[in-house]
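To start, the structure itself, in structure tokens.
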Amino acid sequence: MSSHDCCTVRRSSQTNGEFLKKRLYTMMNTVRGSNQYWYRRSEVKCMIAEFGSPTFFLTFSCAEYSFEDITEYLHKVNTVLPS
């Protein structure tokens, strides 16, 4: 948060408590363990309650080492890869 934002929050909190409340709620969304953090994640719980537990996941891979041109490129850009 920039100093400009801090000053805005400070000034607004003196005249408008509701603004401060909303602003703090927004800032706390990313603080793990806060009520706001878990409220945002409750959407997943609601989806599980509505649709059931997820039982099928897909992952896709291009099998990059099966394609010679991709392998050559990876060796060029990543020196950690074995030859």
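See the values below:
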quantity	calculated
Charge context of TRP38, other residues only, Cβ under 14 angstrom, K/R +1, D/E -1	+3
Summed residue charge, Cβ within 12 Å of HIS75's Cβ, Lys/Arg positive, Asp/Glu negative	-3
Inter-label distance for CYS62 and LYS76, nm, one decimal - labels placed 7 Å from Cα along Cα-to-Cβ	1.4
Highest to lowest packing among 29-38, 51-60, scored as the average C-beta count within 10 Å	29-38, 51-60
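No value in this document is a laboratory result; all are computed from the given coordinates. Computed from a prediction, not measured in an experiment: that's the story for all the values here. We place every Cβ from the backbone using ideal geometry, glycine too, and count neighbours over all the protein chains shown.
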